[in-house]
Structures are given as structure tokens and as C-alpha cells.
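These notes concern the structure reproduced below.
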Amino acid sequence: MDRLLEERLFKVLMLSSLTMVVGSLFAVVAVVVLNGAPALTPSMLTQTPKGGYYLGKEGGILNAIIGSIYLAFGSVLLALLISIPAALSLQRDYIKKTKVAYSIRLSLDVLWGTPSIVYGAFGFTVMLYLGMRASLLGGIIVLTLLQIPIMIRAIDETVKLVPAELKETSYALGTTRFETTFKIVIIQVLPGIATAVLLAFGRSIGDAASILFTAGYTDNIPGSLLDPAASLPLAIFFQLGTPFPEVQQRAYASALVLLVIVLVVSVASRALGQRFSKHILR
Amino acid sequence: MPHISIRNLKVSYGAHNVLKDITVDIPDGQITAIIGPSGCGKTTLLKSLNRLIELQEEVKVNGKVLIDGDNVYDPQADILSLRKKVGFLSQKPCPLPMSIYDNIAFGPRIHGVKGKQILEQIEELEKHCPNNEVCPANTRNTARTHKNGEMDLLVECYLRLAGLWDEVKDRLRMPASKLSVGQQQRLALARTLSVKPEVILADEPTSSLDPVSARLIEEQFQMLKQNYTIVLVTHTLRQARRIADHAIFLYLGEMIEQGPASKVLCAPCEAKTCAYISGEIS
Ligand SMILES: Nc1ncnc2c1ncn2[C@@H]1O[C@H](COP(=O)(O)OP(=O)(O)O)[C@@H](O)[C@H]1O
Ligand SMILES: [Mg+2]
């Protein structure tokens, strides 16, 4: 009797937390869509802000869309190039001392938890020191730093799951550590890399604090890495901060664009991950 | 065929001495069975022969393993060619996360075997197995005309040698992990042979197999012993009696007795071996 009660109680608990999770997600999406969709005109997507845009006049947020895409894709690519080798090198094959690997993981976890404004402040200080102005490049680099701990740790967790027997099988054929790592281990890790990209992309495209001073903001589309770049989170922030309801609505439209980009990237990286996981041992 | 001599081999995991001063010769061109109760150090001894043991954490090895007179633990020894020369078959087969075809082609590709060398390897293989048709004439002809024909031929030959060809010839591109455990173990045998080893170490290779697959593997070993030195850890005395020429009895990390299989397994000198064989200790 007691056990049945337990079972029922847990069922209620599960259902209510699931409802809360799905409900709040739904609420966020609903608010963004309901407020944003009416303002999402073609000109929003195809034009840069014209004079008086922030007062409710003509223009769009193409500068922020392009800027965000440059910033996010550029930094994801750079961060991947750094994180894949770094995560693979945390294997016991390379770092024999478990204490060293443990400390590296701990520091990465601390970095993961560090607020992005700290990265922004750090990047800003370095750029001031170097005499650089806010630019696309500065933004990409700071976003890369922001992503590295996320990517390394997310990939690292899947590298840890690679069966020891698999590595043994590979080494038994006379392979080097490099061959075992980059021809065998990497196959098992590919879906993990897809997840890591997703987590890192989400954090970088949605972040405003780290790029406020490093990428800057501009009404133009950046023409080179050294030009400042606009971004969707900051576009939302600025538009929502105006006293004009029609401009505030455009903020929601911008949020909707951001939401769609994240959705597309999620679906795409999942699909890629699935595609590559055909041969994986489970 | 190489001659293996083990001299004063001591292996410990941390403070746990697992092998205590093992000195024994392993005859070439025969099947040597290592028997003993579980936990006595059979796997450890086997993996010490091609230094796979070094993949374990906190392992310490002392003493010598001489293969054709060269100590494999010499700091200058080439560990990659050692592992190529001394193949390993694990207790539970572990397919590489790739197709059946690539599981066989992986080793030769890693060692840079291609074109003419492949054909030479096949010829050598045929000389070894005169009464076992590993390379039918029609396949040989297609090898000349097709792109990658040599590698296709090599894959076919080794799959035939392992008695797997007829079962997988129509699905070579399928993930190897989809095969049954018995098929995976024969695939593992083919993969091990594909890098032209001279010694085959097998760690209870039939313990996870059904009786039919187990019998197939045993038959393979009896055929292969003409050309390879085989060291077989086995958990069943019956298997040792069926196929072993030579036997080594280990007990608590010490070598108690060794000699021709007929003697050690049927009329041992040592009291402990008698006790093990009669089932008193296990
Ligand atoms: N990686 C390891 N770390 C610590 N102890 C181990 C390790 N592998 C094996 N051992 C211990 O060494 C002893 C011998 O193991 P093993 O060689 O696997 O025995 P067997 O193959 O004869 O069953 C066992 O007591 C086992 O617990
Ligand atoms: Mg064992």
C-alpha cells in the first residue's frame, strides 16, 4: 500500500515539474512570437537601421543579424579548432597524472561558470592595452574564450566514455596515440562534439555582456574583421530600452529572429550528429 | 616464427604484486595454453608480452620478455612494430566503430600497405594456407581492374581466412557493431591477422561465444598454428586439452608448472596442478 502511494506521489511530482518546464518554455516562445510576429516585416530582415529607426522610423536589423552570425559562427569555428585537440589531450593516454587532468577540468568548470561580463571586461582591458578598437575580431576572440571551457568539458565528458577496450583494440594493431585518438576515438566522440557546438553556440549568440565593449555596436554591416559589429542581443536591449511601443515590438521581432537561428542550428547539429553516429559502439 | 622467452617477469598494479618472478619459454609454432584460476594473472602475463599492459593505470613491469632475443622492454624497443608483430585477441570482441570492410582495412592502411605490397601479402598468405582457399581466381582478376581492387581482395582474403566471408559478403559496408558476438570475434581475428603478426595472443577468446562460434575459432587456431606462435589463455580445461600443444599453469601470480600439454593437463607433477585439474581449486 505504501509503495503504491509512493508511486503515485512520484508520478504527480514528475508530471508537475514537466508541466512547469514545458509550460515556461511555451510561455517564453508565445510572448516572443505574439509580440514579435506583427513587427517582423520583410524590411526588418533586409535593411539596416535608417535615420530615426530607434524612434520608430524606417529600417531593419540586418546589421545585427549579420553581425550575430559572423560573431557566433566565427567564434564557434575558432573555439572548435582549439577545443577538440584540448579535450582529446585530457585523455590518460596523454596526461598520465590524474591530478593534473583533475586540476585542468576543475579550472575549466570554474571558467564555464564565470559570468560573461567578466570575459567582456577582460577582453576590453586587453584591447585597450593593445590599442584596439571594438571590432568584429575582438568580439569573436572574446566569444571564443567564453566557449572554450564549455566545448572542452562537453567533449571531454564523451571522450571519457570511450571504452578502454576500444583503445586497447586499436593499440594492439600497432597504432600510435595520435592514430588511435584521431581515427578511432574521434568517431565515438562526434555526437559529443555536435552537442558541444550546440551548447557553445547557444551561449555565444545569446550573450550581450561580453561583446558590448569588445564588438561594439554599429548600424552598418561590418566590412572587415576590424570594423565594429552589431549583434541581436544588443539590438534587443537597445530597442527594448526606448520609450516607443513600436520600437519595443521590434525588439520582440529581433528576439524571434534569434530564436529561429538557434532552432535551425540545433536541428542541423542534431542531424549532423546522427548522421555521423552510424558506426558508433554503444 | 619468433621465439618468446620470459625472464624474471614481475608485474604489479600499485602495491599489488600480480606476477611474481615468471621465467618460462614459449615454443614457436605451437599453441601454448595458459591456465589457472581466475585472478591468478593470466591476462596480465599475456598483455605483458606485447606491452598492452602499459595501458593500465599504475602498472610496473620488471624483468625481460625476449622475442627473438630482443628485450621488448628495452627503452629503445619499437613498441609499434612489437604490437604489429604480436597480435592480440581480447576476451570480449570490440569492433572498431566503422564498417566491416574498414575494420579489416584499418590495420594495413595504418601501416601504409598498398598496391603491390597488398598483392605480395596475399601471396604470402596463400602459401601459408595451401589447403584453404582464401583467394579464388575470379576475385583475383577483379583486383587488377577495379579501383581499390587490391584492398578489396585483401579484405576478402582475411574474411575468408577467418571463416566469415560467406556471412558478410553482401553487407561489407554495414557497421561492424551490428554483427553477432561470435561474428565479431572472427572479425577481430581477421583484423588481427591483417597486419601480418607472427604471434597471436588470445585472452579467453571463446568465453563470450556460443558453442558453434567457439568451435569455429578453435578450428581457426589449429589451422593457424603452422604459421603463427599462439598463446591462448583459456578458462576451460577441456579447450586446453582439445587444442593446446604446450601448457603453463599459473597460480597466484607464480608459475607452478609448464611443459607439453599432454603432461601438464593429464599427468602433472605438482600437487597444485593436480588439485586444479581435479577441480579442487578454482
Ligand atoms: N588494471 C588493474 N589494476 C589493478 N589491479 C588489477 C588490474 N587488472 C588486474 N588486476 C588484478 O590483478 C590480478 C590478476 O588479474 P588478471 O591478470 O586479470 O587475472 P586473470 O586473467 O588470471 O583472471 C587480479 O587480482 C586483479 O584484480
Ligand atoms: Mg583474465
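Side notes on the structure shown:
- All positions within segment B:49-76 that are out of contact with any Asp or Glu (no Cβ under 9 Å at 6 or more places or on another chain) and within 15 Å of ligand 1 (Cβ to nearest atom): B:Leu49, B:Asn50, B:Arg51, B:Ile53, B:Glu54, B:Gln56, B:Glu57, B:Glu58, B:Val59, B:Lys60
- Residues located in segment B:12-24, provided they are free of Cβ contacts under 8 Å to residues at least 60 places away in the same chain and either crowded, with 22+ Cβ neighbours inside 10 Å or part of a loop (DSSP other than H, G, I, E, B) (or both): B:Gly14, B:Ala15
To keep it simple, each residue is scored yes or no on (1) within 16 Å of ligand 1 (Cβ to nearest atom); (2) within 14 Å of chain A (Cβ to nearest Cβ); (3) among the aliphatic types (A, V, I, L, M); (4) within 16 Å of the chain's Cα centre (by Cα).
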| site | (1), (2), (3), (4) |
| --- | --- |
| B:Glu198 | no, yes, no, yes |
| B:Thr206 | yes, no, no, yes |
| B:Pro211 | no, no, no, no |
| B:Glu219 | no, no, no, yes |
| B:Thr234 | yes, no, no, yes |
| B:Ala240 | yes, no, yes, yes |
| B:Pro260 | no, no, no, no |
| B:Leu265 | no, no, yes, no |
| B:Pro268 | no, no, no, no |
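- When the test is whether a residue is under 28 Å from A:Asp93 (Cβ atoms), within 16 Å of ligand 2 (Cβ to nearest atom), open to solvent by less than 40 Å² (accessible area, probe 1.4 Å) and in a strand (DSSP E or B), B:Ile53 does not pass it.
- Taking every residue in segment B:25-40 that is more than 14 Å from every other protein chain (Cβ to nearest Cβ) and closer than 11 Å to B:Gln258 by Cα and pairing it with any residue that is near ligand 2 (Cβ under 10 Å from one of its atoms) and assigned to a strand (DSSP E or B), at least 6 positions away or on another chain, the pairs with Cβ-Cβ distances below 9 Å are B:Ala33/B:Val233; B:Ile34/B:Val233; B:Ile35/B:Val233.
- So A:Arg203, is it more than 14 Å from every other protein chain (Cβ to nearest Cβ) and open to solvent by 50 Å² or more (accessible area, probe 1.4 Å): yes
Conditions tested, residue by residue: (1) at pLDDT below 95; (2) open to solvent by 40 Å² or more (accessible area, probe 1.4 Å); (3) not aliphatic (A, V, I, L, M).
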site: A:Val21; (1), (2), (3): no, yes, no
site: A:Gly60; (1), (2), (3): yes, no, yes
site: A:Ser75; (1), (2), (3): no, no, yes
site: A:Ala86; (1), (2), (3): no, no, no
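- Residue within segment A:254-269 that is within 20 Å of A:Ala30 (Cβ to Cβ), more than 16 Å from the chain's Cα centre (by Cα) and part of a helix (DSSP H, G or I) present: yes
- Residues located in segment A:170-187, provided they are in contact with a strand residue (DSSP E or B) (Cβ under 8 Å, 6 or more places away or on another chain) and β-branched (Val, Ile, Thr): none
- Unique residue being under 25 Å from A:Lys278 (Cβ atoms), surrounded by fewer than 21 Cβ atoms within 10 Å (Cβ to Cβ) and within 11 Å of another protein chain (Cβ to nearest Cβ) when the list is B:Arg191, B:Arg173: B:Arg173
- The residues of segment B:198-208 that are under 22 Å from B:Val134 (Cα atoms) and open to solvent by 10 Å² or more (accessible area, probe 1.4 Å) amount to a single one, B:Glu198.
- Test for A:Pro228: is it at pLDDT 95 or above and either more than 21 Å from A:Ser116 (Cα to Cα) or not in a helix (DSSP H, G or I) (or both): yes
- Residues in segment A:219-230 that are crowded, with 19+ Cβ neighbours inside 10 Å and under 19 Å from A:Gly52 (Cα atoms): A:Ala230 only.
- Check on B:Lys47, open to solvent by less than 40 Å² (accessible area, probe 1.4 Å), within 13 Å of ligand 2 (Cβ to nearest atom), of a type in the set (Lys, Arg) and not in a strand (DSSP E or B): yes
- Selection count, segment B:79-94, where residues are in contact with a helix residue (DSSP H, G or I) (Cβ under 7 Å, 6 or more places away or on another chain) and within 7 Å of chain A (Cβ to nearest Cβ): 6
- Residues (of a type outside the set (A, V, I, L, M, F, W, C), away from chain B (no Cβ under 13 Å) and not in a helix (DSSP H, G or I)) located in segment A:134-170: A:Ser135
- Pairs meeting the criteria (first residue in segment B:241-265 and free of Cβ contacts under 8 Å to residues at least 60 places away in the same chain and open to solvent by 50 Å² or more (accessible area, probe 1.4 Å), second residue part of a strand (DSSP E or B) and not hydrophobic (A, V, I, L, M, F, W, C), beta carbons under 8 Å, at least 6 apart or on different chains) are B:Pro260/B:His246.
- Every residue from segment B:95-115 that is within 20 Å of the chain's Cα centre (by Cα), within 27 Å of B:Asp28 (Cα to Cα) and more than 9 Å from every other protein chain (Cβ to nearest Cβ): B:Ile104, B:Pro108
The values are calculated or read from the model by the stated rules, or taken from the named source; none is laboratory data. All values reported here derive from a predicted model rather than from experimental measurement. Note that we place each Cβ from the backbone using ideal geometry, even for glycine, and neighbour counts take in every protein chain shown. Protein only, heavy atoms only, side chains kept; ligands, DNA and RNA dropped before computing areas. Shrake-Rupley method; radii C 1.70, N 1.55, O 1.52, S 1.80 Å.
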